[in-house]
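What follows is a set of notes on a single structure, which appears directly below.
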Amino acid sequence: MHAEPYRGRGLSRVAVVLAGLFAGPAASAPADISTGPFAGLSGVWGGVGTVTYASGTKERLRCRVQYVQNNPDNLQQALRCASDSYNFQINAYFDHANGKIAGVWSEVTQDVRGTLTGAAEAGHIVGNLQGPGFVAEIVVDTKGNRQRVTITAELQEIRAVDITVRKSSQSR
């Protein structure tokens, strides 16, 4: 009976990590968003992936992410993923300056919050995610309409998340 809530918390931590990879704040003034490290992200993306537990068990994920960008150096993200046993929703907000990124994320269903720090340039993000009792490394690679997110947390119940999403043709 205690294993299921713990597992849920682990997935929400993974979700938090994912949110950090995709997120950033939107500015109110219109700007040229075709430049900067977040160029091309605006729109709706969807895809699949896997979550790997400490036991070695893997579970498939289905994900949908929406990016909103009104400024080349800010990004907002809303990420939803579901597996057969768990759902999570992460909202994130990130800023970019001089090749570095910093931001905040929140996992809605578990009410967990944290930070992301790292570096970003032309579709490539490398960073660290932190939250209450949680530390993970994240790598995001975007090439055209395809994005791969890999999160590794060696000391957590959820050891890895690997997701590939594609941008909806209606978002272009």
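The values are calculated or read from the model by the stated rules, or taken from the named source; none is laboratory data. Just so you know, these numbers come straight off a predicted model, no measurement behind them. Note: ideal-geometry Cβ built from the backbone for every residue, glycine included; neighbour counts use all protein chains shown.
The table below gives the values:
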read-out: The lone exception for Thr152 - which of (1) more than 19 Å from Ile33 (Cβ to Cβ); (2) of a type in the set (S, T, N, Q); (3) surrounded by 22 or more Cβ atoms within 10 Å (Cβ to Cβ) it fails; value: (3)
read-out: Restricting the stretch 100-119 to residues that are at pLDDT below 90 and out of contact with any helix residue (DSSP H, G or I) (no Cβ under 7 Å at 6 or more places or on another chain), the residue that is surrounded by the fewest Cβ atoms within 10 Å (Cβ to Cβ); value: Asp111
read-out: Residue, surrounded by the most Cβ atoms within 10 Å (Cβ to Cβ), within the stretch 38-86, restricted to residues that are in a strand (DSSP E or B), in contact with a helix residue (DSSP H, G or I) (Cβ under 9 Å, 6 or more places away or on another chain) and of a type in the set (S, T, N, Q); value: Gln77
read-out: The stretch 74-100, residues that are within 22 Å of Val44 (Cβ to Cβ) and aliphatic (A, V, I, L, M); value: Leu75, Ala78, Leu79, Ala82, Ile90, Ala92
read-out: Residues located in the stretch 113-145, provided they are aliphatic (A, V, I, L, M) and in contact with a strand residue (DSSP E or B) (Cβ under 6 Å, 6 or more places away or on another chain); value: Leu116, Ala119, Ala120, Ile125, Val126, Leu129, Ala136, Ile138, Val139, Val140
read-out: Conditions (1) under 21 Å from Ala102 (Cα atoms); (2) in contact (Cβ under 8 Å) with a residue 60 or more places away in the chain; number of the one not met by Thr52; value: (1)
